[in-house]
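First, the structure itself, so that you have it in front of you.
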Amino acid sequence: MPTIRIPSNRTLGKICVYGAVASISAVMFMRWKLEDRVRNENYYKLAIQAVRSHKGAVSLLGEPIKESGFDMSDINNSCNAEKAQFEVSVRGSKDKGTVFFWASKSDNGWLIDRLELETKQNPNKRFLLKKSSDDPVYALPNNLDQQKKDIFH
């Protein structure tokens, strides 16, 4: 009758540690990849560019304005094929803050519906940078950007 060899506790411990490290690494990579996809979307780029070019935001935060990212696990950050809503951390030479933006997709591309800024120096006050009734700010769909490159280059 064949004997079954049971691995030692040390071997089982190593297997558990390696498995945990591999699992955590895979989850971190998938999260980074998802955040990178959002950062490359037109609505995200358009919102950050609108903050960087807004004179009020520049005077509050200072230049250069850099985005520090967002938390995909935050319930306030969401997107689908038609709408996007995010809270993005930003920082400048004078102050740090959070940009809140809402975007929707239309026939002309993505439209930033509303853009707000909350700074660390004014934590209970949100500065309205853009509202729905302002002139529309569109971002072309991703595939149209590529089509333009193909046509003009």
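Looking only at the stretch 113-125, count how many residues are out of contact with any Ser or Thr (no Cβ under 9 Å at 6 or more places or on another chain) and within 28 Å of residue 81 (Cβ to Cβ).
Summing the residues that are out of contact with any Ser or Thr (no Cβ under 9 Å at 6 or more places or on another chain) and within 28 Å of residue 81 (Cβ to Cβ) in the stretch 113-125 gives 1.
Run down 95, 107 and say which single residue is at pLDDT below 90 and of a type in the set (Asp, Glu).
One residue alone meets the criteria, 107.
Filter the stretch 1-10 down to the residues that are in a helix (DSSP H, G or I) and surrounded by 10 or more Cβ atoms within 10 Å (Cβ to Cβ) and list them by number.
None; the set is empty.
So which residues in the stretch 25-44 are open to solvent by less than 100 Å² (accessible area, probe 1.4 Å), modelled with pLDDT of 90 or more and hydrophobic (A, V, I, L, M, F, W, C), if there are any at all?
26, 27
Another question about this same structure. Within the stretch 32-53, is there a residue that is over 16 Å from residue 115 (Cβ atoms), not in a helix (DSSP H, G or I) and not hydroxyl-bearing (Ser, Thr, Tyr)?
Yes, because at least one residue in the stretch 32-53 is over 16 Å from residue 115 (Cβ atoms), not in a helix (DSSP H, G or I) and not hydroxyl-bearing (Ser, Thr, Tyr).
Shifting gears a bit: Considering (1) free of Cβ contacts under 8 Å to residues at least 24 places away in the same chain; (2) under 23 Å from residue 34 (Cα atoms); (3) aliphatic (A, V, I, L, M), say which one residue 128 fails and leave the rest.
Every listed condition holds for residue 128 apart from (2).
The values are calculated or read from the model by the stated rules, or taken from the named source; none is laboratory data. Note that the structure is predicted; figures quoted are calculated from it, not measured. Virtual Cβ from ideal backbone geometry, glycine too; neighbours counted across all protein chains shown. Side chains are part of the model used for accessible areas, which takes the heavy atoms of the whole protein and leaves out ligands, DNA and RNA. Shrake-Rupley method; radii C 1.70, N 1.55, O 1.52, S 1.80 Å.
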